[in-house]
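Notes follow once the structure below has been shown.
The values are calculated or read from the model by the stated rules, or taken from the named source; none is laboratory data. Treat the numbers as computed from the prediction; the structure is a model and nothing was measured. Using ideal geometry, Cβ is built from the backbone for each residue, glycine included, and neighbour counts are taken over all protein chains shown. Ligands, DNA and RNA are excluded from the accessible area calculation, which covers all protein heavy atoms including side chains. Shrake-Rupley method; radii C 1.70, N 1.55, O 1.52, S 1.80 Å.
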Amino acid sequence: AAKAAGKNQFSYFTESMDEKAHAKLSLSTELRQAIAKGQLFLHFQPVVHLRDGHILKAEALLRWRHPRLGMIEPSRFIPVAEESGMMGPIGDWVFREAATCAKRWSECTGTIFQIAVNKSPVQFMPRCLESDWLGYLQELELPGESLVIEITEGMLLNPAPSVTSKLLQYRDAGIQVAIDDFGTGYSSMSYLHQFHIDYLKIDRSFVHDIATNPVHRTIAETIIVMAHKLGLSVIAEGIETRTQKEILQQAGCDYGQGFYFSHPVPEEQLTRMLASRPTTPGHRDPPG
Ligand code: C2E
Ligand code: MG
Ligand code: MG
Ligand code: MG
């Protein structure tokens, strides 16, 4: 019986591998057309001041409304896009869409409203044909300060020349840079002073059990102290409860993002949130 089961398992395994490969292939074919067919769209998740809950900015998160499969998560299709050479055009689409929204929200709030855009390592490679982002900002008459680029720390360990030069371009244009999922990667912090980084985003794996896991709490507190000493601001990701928020606030964390404040929402919904819960114009951080 064990043998038969083993055999069945084996054939099931190969079949599912086949299916997986096939599903991936058809996904990449469909993804190729998704932009033209208007199936991609952005959701926006507010980043708030922990002190008063006011919205500081928003992160753009990509969504794919697939005609048969419904909503597909970025964790499923971003890797497909990266492997099949589509991250360039898709990243361009995300940037342009996000910049257009930043323009609209800056006009309606009367201040610069920042949008954070995720950028994966392949988007920094020379062979990734990317349109001229800085040129597009100029076209929109949008200051560089309207944009934050979120990258992961792995990229900065042994940075390719294309990474270094792009980050310099961003700095010169006033575009800010955030290190996403901070603490999960290589934990080499030596790169932090080599580049012009503005924000560290504490990964949500440290936040989700911060109330019960003293090690994670210590790591989060240490990241906050270190970041502030280096002159960086800190955003905690994945805050889902009031307790998590309070612990982070007590630890001196500047900003937060997570379901406790708001899920990622469609553009119109963020517009309504901004109207009813305005950002703080002329906001200043407390002294110290
Ligand atoms: P990320 O940049 O770290 O984005 C945060 C993720 O955490 C989002 O997942 C968001 O929906 C989720 N999240 C936010 N608050 C909470 C919370 O309180 N609890 C929990 N459990 N999750 C929370 P999402 O939208 O599925 O995106 C996953 C990842 O896909 C992103 O991680 C980012 O790395 C990547 N991604 C998304 N959009 C883009 C894009 O336009 N370009 C690129 N290159 N990558 C993208
Ligand atoms: Mg991000
Ligand atoms: Mg993150
Ligand atoms: Mg993440």
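Listed values, structure above:
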item: Spatial separation of Cα centroids for the stretch 116-161 and the stretch 13-48, in angstrom; result: 22
item: Accessible surface of the stretch 132-251, 1.4 Å probe, proportion on carbon and sulfur as whole %; result: 49
item: Kirkwood-Stokes translational diffusion coefficient of the stretch 150-277, alpha-carbon pairs, 25 °C, 0.890 mPa s, µm²/s; result: 156
item: Most fluctuating residue given options LEU42, LEU56, LEU27, as computed from a GNM of the chain linking Cα atoms under 10 Å; result: LEU27
item: Top of LYS24, LYS57, LYS103 by mean-square fluctuation, Gaussian network on the chain, Cα under 10 Å; result: LYS24
item: CD proxy at 222 nm, helix term only [per DSSP H run n ≥ 4: -39500 (n - 2.57); per residue of the chain; nearest 500]; result: -14000 deg cm²/dmol
item: Listed residues ILE219, ILE235, ILE55, most fluctuating in the chain (Gaussian network, C-alpha, under 10 Å); result: ILE219
item: Å² of accessible area per residue within the chain, as computed with a 1.4 Å probe and no ligands counted; result: 52
item: Ranked packing of 144-154, 31-41, most packed first, by mean Cβ within 10 Å; result: 144-154, 31-41
item: Spin-label model distance (nm) - ARG96 vs ASP18, 7 Å beyond Cα toward Cβ; result: 4.1
item: With Cα atoms, 0 to 90° folded angle of helix 267-276 axis to the chain main axis; result: 20
item: Projected label distance in nm at ARG32 and GLN194, using a 7 Å step from Cα toward the beta-carbon; result: 3.8
item: Computed FRET value (nearest 0.05) for GLU246 with CYS108, which takes r as the C-beta separation and R₀ as 30 Å; result: 0.45
item: HN-Hα J in Hz across the stretch 53-60 - Karplus 6.51, -1.76, 1.60, θ = phi - 60°, x for Gly and Pro; result: x, 5, 6, 8, 7, 9, 9, 7
item: Euclidean distance of C-alpha centroids, the stretch 230-276 and the stretch 64-86, integer Å; result: 26
item: Estimated FRET transfer efficiency when R0 is 22 angstrom, pair THR222-ALA160 (beta carbons, to 0.05); result: 0.15
item: Whole-Hz ³J(HN,Hα) from phi, Karplus 6.51 cos²θ - 1.76 cosθ + 1.60, for the stretch 189-204, glycine and proline x; result: 9, 5, 6, 4, 8, 6, 10, 8, 9, 9, 10, 10, 10, 5, 4, 5
item: Amide H contacts under 5 Å for VAL177, placed H, 5+ residues apart; result: ILE149, ASP198, TYR199
item: For a label point 7 Å along the Cα-to-beta-carbon line of LEU140, residues of the stretch 68-106 with backbone N under 12 Å; result: 92-106
